[in-house]
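Student: Got a structure for you, written out below as C-alpha cells; questions coming shortly.
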Amino acid sequence: MTHTKLAVLIDADNARPGVIEGLLGEIAKYGTAHVKRIYGDWTLPNLGGWKEVLLRHSIQPIQQFRYTVGKNATDSAMIIDAMDLLYGGRFDGFCLVSSDSDFTRLAARIRESGLTVYGFGERKTPEPFRTACDKFIYTEVLAIESDEKTVPAPARRTDKELRGDTQLMNLLRNALSACSDDNGWAALGPLGGIVNKQAPDFDPRNYGYAKLSELIKAIALFETEERQIGSGRHIFVRQRKTGKPPAGKAKTTDS
C-alpha cells in the first residue's frame, strides 16, 4: 500500500468532465490524492457540466473571475496555489491536469524541489509541458467517456507498424543498451524506468497495449523470459541476435 501524498490541480478550461473517473483511477496507481482542486470561472455556462462530477468525486472548485478578456486568470490562481502547497512541504508529488503550456515552468519548479510531477492532458499538449513532467499521461489512453461521446482508446498497432516507428525503436534499443548485462539481457522494470526518463510521455497504451511487456512482445524483435528471483517472477528482455522477427511470426491484428 502506497503512502505517497499527491496534490491534484485541474485546469477546468483545458480538461473535460468525462476525464475525471479515468484520471483519478490512474492517479491512484501513483499515490493518494490528499488535495483535489479545480480552477475556473464557475459563473460561465461552459463549465456547467462539471457540477455533478465535482460532487461525486469530492473535488474542490476554486472560483477565479476573468479580470479582462484574453487573459487567463485561472492559470495564475492555480500556479499560486501550487506554490503555496509546495512550500507547505506536505506532499510528495503533484498531478497537473491541463493541455496548456503555461504550466511548463510550474512543473519544472516543482521538480527542482525534489518532488515528482505527473502531467495529464490531451495529445495536443505542447512538448515543453510534457517533457517538464516526470511522467505525462495522455487522457485519450484512459478510454473514458467525455461529455458528448466515448473517447476511443488508441488503435492497437501491428508488429510491422511498431517496427517501422523509428522513434519507438530507438527509444527501446537505447534503454536496453543502457541497462543490459554482458549477455544482452535487461530486467523489464529498469528498462521501463529508463524509457520513461528519456520520454516522459511514453506509455504502451499509446500503441494499444496495456503493458510494456505486451508491447515488446508484439514488436517481435526482442526475446523475453521469466525468471524466479526471490519470491517473485520477473521479466527479462534482450534483442534477437538476428535482428529480425522469428520465422512464421503471425502479424498482430487490431483488436
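Read-outs throughout are calculated quantities, based only on the coordinates presented, and are distinct from any laboratory measurement. What you are looking at is a predicted structure, and each value in this text was computed from that prediction instead of being measured. Note: ideal-geometry Cβ built from the backbone for every residue, glycine included; neighbour counts use all protein chains shown.
Student: Run the helix sum for the chain: -39,500 (n - 2.57) per DSSP H stretch of 4+ residues, divided by residue count, reported at 222 nm to the nearest 500 deg cm²/dmol.
Tutor: The helix-only estimate for the chain comes to -9500 deg cm²/dmol at 222 nm.
Student: Something else now. Semi-axes of the equivalent ellipsoid of the chain: what are they in whole Å, largest first, if each equals the square root of 5 times a C-alpha gyration tensor eigenvalue?
Tutor: 38, 20, 16
Student: Farthest toward the dipole's positive end in the chain, which of MET78, PRO61, GLN239, given Cβ charges of +1 (Lys, Arg) and -1 (Asp, Glu) about the Cα centre?
Tutor: Ranked along the dipole, the leading option is GLN239.
Student: Sort out the exposed loop chymotrypsin sites (Phe, Trp or Tyr not before Pro) in the chain (DSSP loop, at most 14 other Cβ within 10 Å) and tell me the longest stretch that has none.
Tutor: Details: sites that count: PHE65, TYR67.
In the chain, the maximal stretch lacking such sites is 68-255.
Student: Using Cα springs under 10 Å in a Gaussian network model of the chain, which residue among ASP100, ASP181, ASP92 shows the largest mean-square fluctuation?
Tutor: ASP181
Student: Roughly how large, in nm² to one decimal, is the mean projection of the convex hull of the alpha-carbon atoms in the stretch 9-118?
Tutor: With every direction weighted equally, the projected area is 6.8 nm².
Student: Out of the trypsin sites (Lys or Arg not before Pro) in the stretch 147-240, which ones are loop residues according to DSSP with at most 12 other C-beta atoms within 10 Å?
Tutor: Here the trypsin sites (Lys or Arg not before Pro) that fit, given the DSSP loop and packing criteria, are LYS149.
Student: Then there's this: If contacts are Cα pairs under 8 angstrom and at least 6 residues apart, what is the relative contact order of the stretch 15-142 in percent?
Tutor: Values: 160 pairs, mean separation 25.8, N = 128.
Relative contact order comes out at 20 percent.
Student: In addition: Could you sort out which of LYS29/LYS244; LYS197/LYS244; LYS5/LYS160; LYS51/LYS211; LYS36/LYS217 sit more than 30 Å apart by Cα distance in this structure?
Tutor: LYS29/LYS244; LYS5/LYS160; LYS51/LYS211; LYS36/LYS217
Student: Before anything else, pin down the relative contact order of the chain: Cα pairs under 8 Å, at least 6 apart, normalised by residue count, whole percent.
Tutor: Computed over the chain, the figure is 16 percent.
Student: Please give, to one decimal in nm, the separation of the simple spin-label points placed at ARG111 and HIS57, each 7 Å out from Cα toward the Cβ.
Tutor: 2.4 nm
Student: Can you list which of the trypsin sites (Lys or Arg not before Pro) found in the stretch 82-141 are DSSP loop residues with at most 11 other C-beta atoms within 10 Å?
Tutor: ARG90, LYS124
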